[in-house]
Amino acid sequence: MKVLNINSEYYLFPTSNTNFDDFAITLSEEKDKFIKLRRLNESECVHPYYVLEEIKDVYVRVDSIDEFFEEEIVILTRDEYDKLLKNIQNKLCKRCEERDCCEDYKDKLCLDGKCPEFCEE
């Protein structure tokens with residue numbers, strides 16, 4: 001799914017904008033105002049995978065937007081994310097029987113299995 005990367009944070013496109021160009025037009029028309037966006041939360045996941053239930057409504061001041069561009073990401077439900085995460089964790093951390101290195105794994109372990117901070121065999 002395509003989303004907006006605004007000042008290094010990720011947002012869903014507003015319902016009134018279906019693409020990048022529409023969003024640019026909205027910004028030019030809404031100077032000195034706030035726009036309502038839905039921000040993807042990165043606290044318990046790793047880019048480009050996000051949790052649907054963690055998406056929050058926020059207001060962003062238009063003149064605070066320095067740069068923005070489109071980026072491709074994946075949005076999963078919490079259950080889907082946790083199931084995939086458990087599978088990756090089991091594959092990457094075979095030698096960590098007590099899972100000490102995995103205590104706070106949700107914000108470190110990427111679902112694509114490319115996590116150099118984790119213990120790999």
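Read the figures in this text as sums done on the coordinates, not as results from a lab. Since we're looking at a predicted model, the values are computed, not measured. All Cβ positions, even for glycine, are placed from backbone atoms using ideal geometry, and neighbour counts span all protein chains on display.
Results, tabulated for the structure shown:
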| quantity | calculated |
| --- | --- |
| Total formal charge among the other residues, if their Cβ is under 12 angstrom from that of TYR10, Lys/Arg +1 and Asp/Glu -1 | -2 |
| Placed amide H near VAL74: partners under 5 Å, 5+ positions off or other chain | TYR49, TYR50 |
| Those GluC sites (Glu not before Pro) in segment 3-58 that DSSP places in a loop and that have at most 13 other beta carbons within 10 Å | GLU30 |
| Per residue, the convex hull volume that the Cα atoms of segment 2-75 enclose (Å³) | 82 |
| In Hz, Karplus ³J(HN,Hα) per residue of segment 5-20 (6.51, -1.76, 1.60; θ = phi - 60°; x = Gly, Pro) | 9, 10, 6, 6, 10, 10, 9, 6, 5, x, 4, 7, 10, 9, 7, 4 |
| Dipole moment magnitude, nearest 20 debye, segment 1-79 about Cα centre, only Lys, Arg, Asp, Glu C-beta charged | 240 |
